[in-house]
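The values are calculated or read from the model by the stated rules, or taken from the named source; none is laboratory data. Keep in mind that what you see is a predicted model, and the values were worked out from it rather than measured. Cβ placement follows ideal geometry from the backbone for every residue including glycine, while neighbour counts extend to all protein chains displayed. Ligands, DNA and RNA are excluded from the accessible area calculation, which covers all protein heavy atoms including side chains. Shrake-Rupley method; radii C 1.70, N 1.55, O 1.52, S 1.80 Å.
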Amino acid sequence: MKKFLLGTVGLLALGMAAPATAADMAVKARPPAPVIAPIYDWTGFYIGGNGGWGQSRNCFDFVDVLGVVVADGCRERSGGLAGGQIGYRWQAGTWVFGLEAQGDWADLSSQRISLINPLFSTRTTTDAIGLFTGQIGYAWNQALFYVKGGAAVTSNEFSILDTLTGFEFASASATRWGGVVGVGFEYGFAPNWSFGVEYDHLFMGDANNTFTAPALPAAFFNSRVSQDVDMVTLRVNYRFGGFGAPVAARY
């Protein structure tokens, strides 16, 4: 009987000690909750404004009644640009594709004394530029680098002036179509806002223009003007849509 009582007491003592031992054991800390990093999503429609600098290079040739071309020299003139753009982009992974239409008012005008007859001067003015382009870009979250290309259109006026008085003997207006290639960088500084810089080169080719004015010498009634334009603009865009979506867990 004595041995039975001692055994029972021993079992009770072990039972009481076990919970205390378990309570004293160190508990392994839980891993921190994953931090989901949002990625800037470039997908969506956007609208914005731009402004900057442009330079137009024009070569002026006269064409006589026999079709003989007489070169009258080239000239360059730089000036300001201001306008806007609207487009749509969609993002696939880190690649971004887009379509955009851009229009700018321009102040690109150049005047030069004629090499053929110094009594006359020629003036070329570009007052509007339009671009219709496709884009391919590569994005690093909020940073986007892209190239673009497509069609370009310029509004031009060509004049023949009296060198001494500036009197305009004749003028011809022309809307010219050509091509454009460009490159740009854009950064999303706020959920739906981005800021960027872009360079474009316009290949406008050459075109004949007919002047009809009795004051012009009969031998020179046509001109052929070639044109190239360089543009550097700063851009601000507002994109419609959300900021981004969780794409990866970082511990």
Requested in this report: Could you check how many residues of the range 162-205 are open to solvent by less than 70 Å² (accessible area, probe 1.4 Å), among the aliphatic types (A, V, I, L, M) and at pLDDT below 95?
Outcome: 5
Requested in this report: Select, from 166, 134, 130, the only residue that is closer than 15 Å to residue 98 by Cα and of a type outside the set (Ser, Thr, Tyr).
Outcome: 134
Query raised in the report: Among (1) crowded, with 17+ Cβ neighbours inside 10 Å; (2) modelled with pLDDT of 95 or more; (3) among the aliphatic types (A, V, I, L, M), where does residue 143 come up short?
Result: (1)
Report task. Filter the range 47-92 down to the residues that are outside any strand (DSSP E or B) and surrounded by fewer than 14 Cβ atoms within 10 Å (Cβ to Cβ), then identify the one that is modelled with the highest pLDDT. Result -> 68
**Report entry** Set 122, 126: member being of a type in the set (Val, Ile, Thr), closer than 14 Å to residue 60 by Cβ, open to solvent by less than 40 Å² (accessible area, probe 1.4 Å) and modelled with pLDDT under 85
**Finding:** 122
Requested in this report: Scan the range 179-202 for residues that are closer than 30 Å to residue 161 by Cα and either among the acidic types (Asp, Glu) or touching a residue at least 40 places away in the same chain (Cβ under 8 Å) (or both) and jot them down.
Outcome: 202
Requested in this report: Among residues belonging to the range 90-146 that are hydrophobic (A, V, I, L, M, F, W, C) and in contact (Cβ under 8 Å) with a residue 60 or more places away in the chain, point out the one that is farthest from residue 72 (Cα to Cα).
Outcome: 139
